[in-house]
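Have a look at the structure below, then the notes.
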Amino acid sequence: MPEHSNTFRGIRSSKFRHVFGRGSRKENCYENVLITQKTHDTAACAVNPKFVAIVVEVAGGGAFLVLPLDKILVWDTRRAALMQTIDLHSDVIYSLSLNRNGSRIATTSRDKRLRVIDPLSGKLLQETICHEGSKACKAVYCGDTGKVFTTGFSRFSDRQFGVWDEKNLNTPLRLDVIDSSSGILTPFYDHDTKIVFVAGKGDGNIRYYEITDSPPYCHFLNQYISGEPQRGLGIMPKRGCKVSHCEIFRFYKLYATKPICEPISMIVPRKSDQFQPDLYPDTASPTPALSAEEWFSGTTKGPVLMSMKTGMTIKTHRPLPLRPTESSSDKNADKKYAFLSMETRADYRPKELSIRTQSSTDKDLKTSTNLDTKFQALQKLWGCNVKNLPDNKEQSSTTSSGIESERASTTTRNIINKISTRDSPNKLSQRMEEKEIEILDKPSPKTESE
């Protein structure tokens, strides 16, 4: 057991410190699902953004496979060809996990050993006893951090978790006790947030820890507590999470006592429903980064990434095949800088032609050129001409002259409104000319400065 002198005892700052789990309502659960009652040490559930697969209890028989339990078989699935057989285990394999680029495999088996294997050559790189208990232990690779997270039991049947360096398994980076329950723990790792979720078979709670690069390497965040024990758990890929709800992980819980499958969302509390770039970096897409021939030739490459900034759930269900003519470059980066190759087309048309083209209707043309108003149209109808009136706004520089111009315009409108419809156009024109002379001869008021 390693010493705990470096254990952190203060309040650590983390944006995931207040992550909480939220179960679904009854109408959002899957009911009447006859979950298998066999005591297999599996999750009994698998999920993608389109389907939920559950192992159910059925009568009679069906198709089955007979596979070796102490070997790892590496296949080329496109050709259905067996490419590699890894025979390094002396007993049943409990768990298997790949690192981020597929160049390493971490396994645990009944002999209580944790192994790090090169899947291309089939060589054993590191090996150690991870947990001394007799029950099953599990392991998961922590992405590209070079760390392996394990769960198991101590010599006194206490449940434990451990953090290991893939290059040196002689001493764990951290080994700590969780509790004294008897359910087998299964870890689930999220590379985008570097959080490990730990759930036990028969438990009603889900614990989550944050992985860091400095001691003590693993920090307890919180736990989701439920009164219903779980038979197994399936996880949704990150591209299927709801961005608008700040959902970073989603479980599909199979009840141990009821025929129900319940979705459980892990949410970061945020006040805004906008996209949160710190919670959703580019995540792995279903498009393969390498072909089988490239991988078996020794080429290593991280997954092809996709952006989560869409405002909705990404429904890319079917993996896109990698054609032989395609290169294995990062397609996400190619799309990101595709706009640099686009040609810029400038508009060299005259301004008048552009206005005429835009004003497709008479109403748009009248509005764009600011033509006759109703008042000016009425003046033209009765032969009135007030365009010879002085433009007080251009000639005067004081506020009072502008006010007088408005008064003159208002007086002219009132005169037109008072004119009887019985008058002929000639009489109207004569009266309007007299009123124009009266307005022009009227002296303007003096300003305060004068």
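A few notes on this one:
- Screening the stretch 10-30 for residues that are over 24 Å from the mean Cα position of the chain (by Cα) and at pLDDT below 80 and picking the one that is farthest from Lys138 (Cα to Cα) gives Glu27.
- Residue within the stretch 95-113 that is outside the structural domain of Ala292 (by the TED database), farther than 30 Å from Ser297 by Cα and not aromatic (Phe, Trp, Tyr) present: no
- Restricting the stretch 263-296 to residues that are in a loop (DSSP other than H, G, I, E, B) and aliphatic (A, V, I, L, M), the residue that is farthest from Ser24 (Cα to Cα): Leu290
Residues are listed down the side, and each one gets a yes or a no for (1) closer than 17 Å to Cys142 by Cα; (2) part of a strand (DSSP E or B); (3) out of contact with any helix residue (DSSP H, G or I) (no Cβ under 6 Å at 6 or more places or on another chain):
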position: Pro172; (1), (2), (3): yes, no, yes
position: Thr193; (1), (2), (3): yes, no, yes
position: Asp203; (1), (2), (3): no, no, yes
position: Gln223; (1), (2), (3): no, yes, yes
position: Cys261; (1), (2), (3): no, yes, yes
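- Considering only residues in the stretch 74-109 that are open to solvent by 70 Å² or more (accessible area, probe 1.4 Å) and closer than 21 Å to Thr128 by Cβ, the one that is modelled with the lowest pLDDT turns out to be Ser90.
- Residue check for Lys71: among the basic types (Lys, Arg) and at pLDDT below 80: no
- Selection from the stretch 96-151 of residues that are in contact with a strand residue (DSSP E or B) (Cβ under 8 Å, 6 or more places away or on another chain), of a type in the set (Gly, Ala, Ser) and not in a strand (DSSP E or B): Ser103, Gly122, Gly133, Ser134, Ala136, Gly143, Gly146
- Residues (surrounded by fewer than 18 Cβ atoms within 10 Å (Cβ to Cβ) and not in a loop (DSSP other than H, G, I, E, B)) located in the stretch 160-169: Asp165, Asn168
- Here is the figure for the stretch 170-222: residues that are open to solvent by 40 Å² or more (accessible area, probe 1.4 Å), touching a residue at least 40 places away in the same chain (Cβ under 8 Å), farther than 17 Å from Asp158 by Cα and touching a Lys or Arg at 6+ places or on another chain (Cβ under 9 Å) total 5.
- Hey, Asp91 farther than 21 Å from Cys218 by Cβ, among the acidic types (Asp, Glu) and in the same structural domain as Val177 (by the TED database) or not: yes
- Within the set Val177, Val198, the sole residue that is touching a Phe, Trp or Tyr at 6+ places or on another chain (Cβ under 9 Å), in the same structural domain as Ser95 (by the TED database), among the β-branched types (Val, Ile, Thr) and closer than 12 Å to His131 by Cα turns out to be Val177.
- Residues (within 13 Å of Gly21 (Cβ to Cβ) and hydroxyl-bearing (Ser, Thr, Tyr)) located in the stretch 253-291: Ser265
- Breaking point among (1) under 18 Å from Ser14 (Cα atoms); (2) surrounded by fewer than 16 Cβ atoms within 10 Å (Cβ to Cβ); (3) of a type outside the set (Ser, Thr, Tyr); (4) in contact with a Ser or Thr (Cβ under 8 Å, 6 or more places away or on another chain), for Lys242: (1)
- Selected residue (criterion: modelled with the highest pLDDT) from residues of the stretch 274-322 that are open to solvent by 50 Å² or more (accessible area, probe 1.4 Å), within 11 Å of the chain's Cα centre (by Cα) and among the hydrophobic types (A, V, I, L, M, F, W, C): Phe275
The values are calculated or read from the model by the stated rules, or taken from the named source; none is laboratory data. Note that the structure is a prediction, hence the values are computed from the model and not measured. Note that we place each Cβ from the backbone using ideal geometry, even for glycine, and neighbour counts take in every protein chain shown. Note: areas computed on protein heavy atoms with side chains; ligands, DNA, RNA excluded. Shrake-Rupley method; radii C 1.70, N 1.55, O 1.52, S 1.80 Å.
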